[in-house]
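Accompanying notes for the structure given below.
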Amino acid sequence: MKILMTGCAGFIGFHLTKRLLHAGHEIVGIDNLNDYYDTALKQARLNALTETDGRMEDAASETPIEGGFRFVRLDVCDREKLEALFAAERFDAVCHLAAQAGVRYSIDHPEQYVSTNLVGFFHLLECCRRYPVKHLVFASSSSVYGKNARVPYREDDKTDAPVSLYAATKKSTELMAHSYAELYGIRATGLRFFTVYGPWGRPDMAPFLFTRAILEGTPIRVFNGGDLARDFTYIDDIAEGTARVLTAEPAGGMAAAPLFRIYNIGNSEPVRLEEFIAAIERIAGRKAERISLPMQPGDVRITWADVTRLRNDYGYAPCTPLETGLARFVDWYRNFYATPAAGPSN
């Protein structure tokens, strides 16, 4: 299968690309390599995929390698270049992971979310309409549930009260995809990701922030007195589940499946923030220093995925224990940033 992977230099895009390449698929990856977080990390992910020296400057700089992967530096907001790519490649499927991420960042930089998450997604939908693909899988987010008090979250819960612009753009992409499925027969599936962590993870996420601070002996910021819980999901479980949705048929076959579908994809076992911090402390061999802060705008107290629908349709079964996943992440972090191991400290 020939697949377009947008956001291939991102955390999930990198791991999913590796998984699909190992399965024998041909991947064309695009990314704008923006500076929302350390571009060196994004480039290192690309280098791990391409085995090149990483000098790729624009859409004309395409680097084929063994394994069926090719990278094109391209922004989904550039409609002309995106259409040219679709016209030239004739993709079988599209996995759209490119987005401006981050709940808190959306408060100070709203225009970036409208541009990338809404306008960019519109361009992608138009390309899928003009150059038909068999399946479009796109990233949504657990943030669409807002302050929903009923847990675990189910896909048919109300999602019409977002508490951040980021969440609002993710809900909007679901609605946009639904309309294109209805109007143009585009098979589209949205995945609501729940707090993904693991090696090569994003520096703005809690696992990365906590690990770095604990290893460096600097304070961590703990919001709402630590009275928070997240459905932390290991990256390999996310990549496996997403790959199944993208490339396999659901139970009952494609003919019986609706054109538009939404799935939760999480671990379905929320972990209290204090338990999460304690696990990193045990693995790192250091105690965390804490700065207590109030609840932040756009945050919610708990996320918890009901993954029954994804399990029934695709056999999704996350299987990585938190301690195992965190140990792999801390080990990657120490190797990548050459951080010395440390014994217990008081």
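Computed from the coordinates by the stated procedures, all read-outs in this text should not be read as laboratory data. Model, not experiment: these values are computed from the prediction. Note that each Cβ is placed from the backbone with ideal geometry, even for glycine, and that neighbours are counted across all protein chains shown.
Computed from point charges on the beta carbon alone (+1 for Lys and Arg, -1 for Asp and Glu), the dipole magnitude for the chain about its Cα centre is near 500 Debye.
Per 0.36 nm of contour for each residue apart, how much would the distance between ALA161 and GLU323 grow if the chain were fully extended, relative to their Cα-Cα spacing?
Working: separation 162, 0.36 × 162 = 58.32 nm, distance 3.39 nm.
Contour length minus Cα-Cα distance gives 54.9 nm.
Relative contact order, whole percent, for the chain stands at 17, derived from Cα pairs under 8 Å and 6 or more residues apart. For the chain, the longest principal axis of the alpha carbon atoms and the long axis of helix 11-22 meet at an angle near 60°. Counting only residues at least eight positions apart within a chain, or on another chain, the aspartates and glutamates with an alpha carbon under 12 Å from that of LYS170 are ASP160.
Residue farthest toward the positive end of the dipole of the chain, with Cβ of Lys/Arg at +1 and Asp/Glu at -1: which of LEU125, HIS109, THR320? Projecting each Cα onto the dipole axis, the largest value belongs to THR320.
Across the range 74-122, Cα pairs under 8 Å and at least six residues apart give a relative contact order of 47 percent.
Highest GNM mean-square fluctuation among GLY266, GLY120, GLY185, for the chain modelled with Cα contacts below 10 Å: GLY185. Taking the longest Cα principal axis of the chain as reference, the axis of helix 79-89 is set at about 70 degrees. Each other residue within a Cβ distance under 12 Å of THR233 adds +1 if Lys or Arg and -1 if Asp or Glu, for a net charge of -3. For the range 191-346, the relative contact order works out to 38 percent when only alpha carbon pairs closer than 8 Å and six or more residues apart are counted.
For the chain, the longest principal axis of the C-alpha atoms and the axis of helix 206-216 are separated by about 40°.
Over the chain, the alpha carbon radius of gyration divided by the compact-protein estimate 2.2 N^0.38 Å works out to 0.97. Highest GNM mean-square fluctuation, the chain, Cα pairs closer than 10 Å: which of ARG282, ARG154, ARG187? Its mean-square fluctuation being the largest, the pick is ARG282. Seen from THR159, the other residues with C-beta closer than 13 Å to its C-beta sum to a net charge of +2, counting Lys and Arg as +1 and Asp and Glu as -1.
Full extension from ALA257 to ASP35: what is 0.36 nm times the residue separation minus their Cα-Cα distance, to one decimal in nm?
Numbers: separation 222, 0.36 × 222 = 79.92 nm, distance 3.91 nm.
Between ALA257 and ASP35, full extension yields an extra 76.0 nm.
Note on LYS2: lysines with a C-alpha under 25 Å away, same-chain residues under 8 apart excluded, are LYS18, LYS42, LYS81, LYS134.
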